[in-house]
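The values are calculated or read from the model by the stated rules, or taken from the named source; none is laboratory data. Just so it is clear, the structure is predicted and the values come from calculations on it, not from any experiment. Every residue, glycine among them, receives a Cβ derived from its backbone with ideal geometry; neighbour counts consider all protein chains shown.
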């Protein structure tokens, strides 16, 4: 990650809001990589969970928003169970999704889904996806 840090780049308000929404102290993470190593969705992510936490520690809101990782997170809690520092990463990922959705940015448009997809998907999967990906 080659991001130049400046007072404009680091957003302390972002860190505070993330920690308030998630109930987690992201500064507790010491970058051991256990979360990334235990994640079953890692291959589908564009940025490993460890790097997302590092970006969160640095307040790099814009850089986090440009990744798909929090949307791919299955909230399976594998990382949470394995974390030696007790950081509940699924709660952090959920808070990141909520912060994005509160900006009224949908990551899926239900009306644009192909009819065949809607027909084949279980209704509960569609509802869960809409709750997770739309504002």
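Assess whether residue 32 counts as being farther than 18 Å from residue 133 by Cβ and part of a loop (DSSP other than H, G, I, E, B).
Working: farther than 18 Å from residue 133 by Cβ: yes; part of a loop (DSSP other than H, G, I, E, B): yes.
Judged against the criteria, residue 32 is a match.
Free of Cβ contacts under 8 Å to residues at least 60 places away in the same chain and surrounded by fewer than 12 Cβ atoms within 10 Å (Cβ to Cβ): does that describe residue 72?
Working: free of Cβ contacts under 8 Å to residues at least 60 places away in the same chain: yes; surrounded by fewer than 12 Cβ atoms within 10 Å (Cβ to Cβ): no.
Here the answer is no, as residue 72 does not meet what is asked.
Limited to region 89-109, what total is found for residues that are in contact with a helix residue (DSSP H, G or I) (Cβ under 6 Å, 6 or more places away or on another chain) and either at pLDDT below 80 or outside any helix (DSSP H, G or I) (or both)?
Matching residues across region 89-109 total 2.
Kindly indicate the residue of region 110-121 that is outside any helix (DSSP H, G or I) and farther than 20 Å from residue 73 by Cα and also modelled with the lowest pLDDT among those meeting that condition. Please lay out each step first, then the result.
Looking only at region 110-121, we keep the residues that are outside any helix (DSSP H, G or I), and these are 113-114, 121.
Those still in the list that are farther than 20 Å from residue 73 by Cα too: 113-114.
Details: 113: 80, 114: 87.
Taking the candidates together, the pick is 113.
Could you please find all residues in region 76-87 being in a loop (DSSP other than H, G, I, E, B) and surrounded by fewer than 18 Cβ atoms within 10 Å (Cβ to Cβ)?
Within region 76-87, the subset in a loop (DSSP other than H, G, I, E, B) is 76-77, 83-87.
Once the filter is applied, which keeps residues that are in a loop (DSSP other than H, G, I, E, B) and surrounded by fewer than 18 Cβ atoms within 10 Å (Cβ to Cβ), region 76-87 yields 76, 77, 84, 85, 86.
Among the numbered criteria (1) surrounded by 14 or more Cβ atoms within 10 Å (Cβ to Cβ); (2) more than 13 Å from the chain's Cα centre (by Cα), which one does residue 42 miss?
(2)
Provide a single number: the residues in region 89-103 that are touching a residue at least 60 places away in the same chain (Cβ under 8 Å) and surrounded by fewer than 18 Cβ atoms within 10 Å (Cβ to Cβ).
Final tally of qualifying residues: 3.
Which condition breaks for residue 27 when tested against (1) assigned to a helix (DSSP H, G or I); (2) under 24 Å from residue 107 (Cβ atoms); (3) modelled with pLDDT of 95 or more?
It is condition (2) that residue 27 fails.
Taking the conditions exactly as written (out of contact with any helix residue (DSSP H, G or I) (no Cβ under 6 Å at 6 or more places or on another chain) and surrounded by 17 or more Cβ atoms within 10 Å (Cβ to Cβ)), does residue 67 satisfy them or not? Show your work before the answer.
Values: out of contact with any helix residue (DSSP H, G or I) (no Cβ under 6 Å at 6 or more places or on another chain): yes; surrounded by 17 or more Cβ atoms within 10 Å (Cβ to Cβ): yes.
So residue 67 fits the description; yes.
Pick from 37, 129: which is in a helix (DSSP H, G or I) and not assigned by TED's automatic domain parsing to the domain that holds residue 18? Even if it seems obvious, please write down each step before you answer.
Values: 37 fails: not assigned by TED's automatic domain parsing to the domain that holds residue 18.
Sole residue among the options that is in a helix (DSSP H, G or I) and not assigned by TED's automatic domain parsing to the domain that holds residue 18: 129.
For residue 21, work out the one condition from (1) modelled with pLDDT under 95; (2) in a helix (DSSP H, G or I); (3) closer than 20 Å to residue 134 by Cβ it doesn't fulfil.
Evaluating residue 21 over (1) modelled with pLDDT under 95; (2) in a helix (DSSP H, G or I); (3) closer than 20 Å to residue 134 by Cβ leaves (1) as the failure.
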